[in-house]
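None of the figures in this text is laboratory data; all of them are computed from the coordinates on show. None of the values given here were measured: they were computed from a predicted structure. Cβ placement follows ideal geometry from the backbone for every residue including glycine, while neighbour counts extend to all protein chains displayed.
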Amino acid sequence: MPADMDLRAEGCRYRYANGTLAVRDFSGDFPAGEITALFGPNGSGKTTMLKNLAGIYTPAEGKVSLGGRELNRLPPKRRAALTAYVPQQSVPVFPFTVGETVLMGRTPSLGGVFGPNRQDVTKAREALESAGASELWDRCVTELSGGQRQLVLIARAIAQDTPVLLLDEPTASLDLHHQHDIWRLLGALAETGKTIVASVHDPNQVLWFCRRVVVMRYGTVEIQGDSRTIFNDNLLESLYGRGCLRTEAEGLPVILPLFS
Amino acid sequence: MKRSRPLIFAVLGGLVLLVCLAALVSGAYRVPAGEVFRLLFFPLSPGSGSAATVVLDIRLPRLFTALLVGLGLSVSGTVFQGLFRNPLVEPYILGVSSGAAFGAALSIVLSAAVFPLHLTSFACGMGAMALALLAAGRRGTLPIVNLILAGVVINSLFSAGLSFLKLTAGARELRELTFWLMGGLYVADRHTAGLLAVQVLPAALVIWSQGWKLNVLSAGEEEALTLGLRVKFLRGLLMILAAYVTSLCVAAVGIVAWVGLMMPHIARMLIGPDHRVLIPASALLGAGFLTLCDTLARTVTGGEIPVSIITAFLGAPYLLFLIRTNRRVGFAG
């Protein structure tokens, strides 16, 4: 995929209707073909910024652009052909099957009024297969575990077939095994040239799985760049107000909080 | 659990046809099935007489009215439940029923000349919905919680108005109003059926054509937005269409309880939540169920029972039975 599929946010500012200024001034780059982590303490504006990137919210100031094309001004359908969003959790009310749910990812590219056709079904099945969950196709989403549901939502985003994938804490509610599966899947997707942005809480997951990181605090960007060079003791201590130890295990960098 | 959808539709369609036949055959004046067929398919053949009057002029318009009102309420209920992501929602949620009831009271209690019954009731139903939408809107958004609250408020406002009109009403008007409020298809004639047909059917077709989008909307507002839907426009369109259909039905035959809440539920249990098949299934169920109830309403006793009494007596226990026996319930949580 060409380099002009880089996602970029410039001077974004977003205030909720209740007056909270969640994003003060955000400028960040999210290059294609990489996983970029959006990292920061609770309340730093990660989710709000992710929703601005996804087009759920429109920044009051500043712009979000993809390869130089401004996204905020696009109508929802064209926008949805470029960016896909995976919410932190989706609570299904109605017992749609996994197949029907993944098929919803085809909505932006539907031509007619009556919904998806056979080709869309094939694409949806492929998407679920690439998420490693093809056996779930006929199950009801209401009977899945949290991890399976997360896989289904990611499969829906894959079926949407967009150059940009935005995920809100994709591994927050998952056990170690599923966490690893999801990161491996995202890594494989990044290798196909997609731009992947995920908000992450755990500094270790950032170190292990995301080459790039954008660190947020107080609704603005504290620092951004290569995760392994950025994550030093000073940064983490200033973010969390407590010391951290960066060490290595089996050749992998590990961050341990210091309890005093 | 996989069930054959064509089979479900075939069975539903067959049942509706049977109920229709029963509706035409039964009543104070019995007309044998053979005679009904002859009248329907060869209406110009000789020797019809009073049977022709009963079947073609009285029962047939009433049958069509029951079918259309049942279909309309059930489809609107399906739409509202999907949009509000809540299976306990009924088509009267936005204040349509109390608005329409207030309109009917204006006509019955004050003056039918100034306030023609159907028109006033329809206008007040739609007016109530418009007020609810206005009250719920906030900076160009339309949060669901606000809508439900606004519906409650509008409902109680119009109910208060209705109570006031009842206070001022005489005994005869009060009786008439009470009967109207419980719903009844005894008012149905060719005019009613025709008016309903040309409005309810096209609206239901437009709603059905948005079935897939309704699926996506029922997954939640933010997700629908990121999947490329014009959420505000679609939700507004579907809500207004559904409230329009509900207002038409209420204005035509009064407030029929249960159909709009229960039939979508049962349809969802039968065929799943995909609105592309759920809407037609729920339409068939609603049409058949109300026709059955209306036929019972005018045949079980010598007189005429308000149809809502029958819909509740038949519907509530059946829904309870389904909830307790069906493993694939129509919703989670």
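The fraction of all Cα pairs in the range A:129-217 landing in successive 5 Å bins from 0 to the largest distance is 3, 12, 26, 25, 19, 10, 4, 1, 0, given as whole percents.
Here the range A:204-260 and the range B:295-311 have alpha carbon centers that stand 73 Å from each other. The label-point distance for B:Leu15 and A:Ala249, in a model that sets each label 7 Å from Cα toward Cβ, rounds to 6.0 nm. Within the protein assembly as shown, antiparallel bridges make up roughly 60 percent of the DSSP beta bridges whose residues both belong there. Reducing the range B:1-45 and the range B:75-133 to their Cα centroids gives an inter-centroid distance of 31 Å. Across the range B:46-175 the C-alpha pair distances fall into 5 Å bins from zero in the proportions 2, 10, 14, 16, 15, 14, 11, 8, 4, 3, 2, 1, 0, 0 percent. From helices alone, chain B scores -23500 deg cm²/dmol at 222 nm; the rule is -39500 (n - 2.57) for each run of n ≥ 4 DSSP H residues, then divide by the residue total. The relative contact order of chain B, computed from alpha carbon pairs under 8 Å that lie at least 6 residues apart in sequence, is 29 percent. Ordered from longest to shortest, the equivalent ellipsoid semi-axes for the protein assembly as shown are 56, 26, 19 Å, each the square root of 5 times a Cα gyration tensor eigenvalue. When B:Ser98, A:Ser145 are arranged by Cβ crowding within 10 Å, least crowded first, meaning fewest neighbours, the order is A:Ser145, B:Ser98. Taking other Cβ atoms within 10 Å as a rough exposure proxy, A:Lys51, B:Lys232 sort from fewest to most as B:Lys232, A:Lys51.
If you take each beta carbon of peptide A:153-164 and count the beta carbons of other chains within 10 angstrom, what is the mean?
Values: counts 2, 0, 0, 3, 2, 0, 0, 3, 0, 1, 0, 0.
Per residue, the average neighbour count from other chains is 1.
Amide H to amide H distances under 5 Å link A:Glu222 with A:Val215, A:Met216, A:Arg217, where only residues 5 or more positions off or on other chains count and H is placed in the peptide plane. Only Lys, Arg, Asp and Glu carry charge here, each on its Cβ (+1 for the first two, -1 for the last two); on that basis the protein assembly as shown has a dipole of about 1200 debye about its Cα centre.
Given 10 °C and 1.306 mPa s, how large is the Stokes-Einstein diffusion coefficient of the range A:111-260 in µm²/s, with Rh as the Kirkwood radius over Cα pairs? Provide the component values of the computation, followed by the final result.
Working: Rh = 17.5 Å.
Taking Rh from Cα pairs, D becomes 91 µm²/s.
Counting neighbouring Cβ atoms within 10 Å and putting the fewest first, the residues A:Asp202, A:Asp181, A:Asp226, B:Asp294 line up as A:Asp226, A:Asp202, A:Asp181, B:Asp294. For chain A, modelled as a Gaussian network with Cα springs under 10 Å, which listed residue fluctuates most, A:Ala84, A:Ala37, A:Ala22? With Cα springs under 10 Å in chain A, the top fluctuation among A:Ala84, A:Ala37, A:Ala22 is at A:Ala22.
By a straight-distance test (C-alpha under 21 Å), which lysines pair with A:Lys51 as possible cross-link partners, with residues fewer than eight away in the same chain excluded? Candidates past the 8-residue exclusion: A:Lys63, A:Lys77, A:Lys194, B:Lys232.
Restricting the count to DSSP beta bridges whose residues both fall in chain A, what percent are antiparallel, rounded to a multiple of 5? If you can, show how the numbers build up before the last one.
Numbers: 26 of 45 bridges.
Approximately 60 percent, going by the DSSP bridge assignments.
Averaged over the residues of B:183-190, the number of partner chain Cβ atoms lying within 10 Å of the residue Cβ comes to 0. By the Kirkwood approach, averaging reciprocal distances over each pair of separate Cα atoms, the range B:5-325 gets a hydrodynamic radius of 20.3 Å.
Computed from backbone phi, the HN-Hα couplings of the range A:204-217 come to 5, 5, 4, 4, 7, 10, 10, 5, 10, 9, 10, 8, 10, 8 Hz, rounded to whole numbers (Karplus: 6.51 cos²θ - 1.76 cosθ + 1.60, θ = phi - 60°; Gly and Pro given as x).
I need the GluC sites (Glu not before Pro) found in the range A:227-256, filtered to DSSP loop residues with at most 14 other beta carbons within 10 Å of theirs.
On the way: sites: A:Glu237, A:Glu248, A:Glu250; in loops: A:Glu250.
Filter output for the range A:227-256: A:Glu250.
Build a GNM of chain A with springs between Cα atoms under 10 Å apart, and of A:Leu167, A:Leu144, A:Leu207 the one that fluctuates most is A:Leu144.
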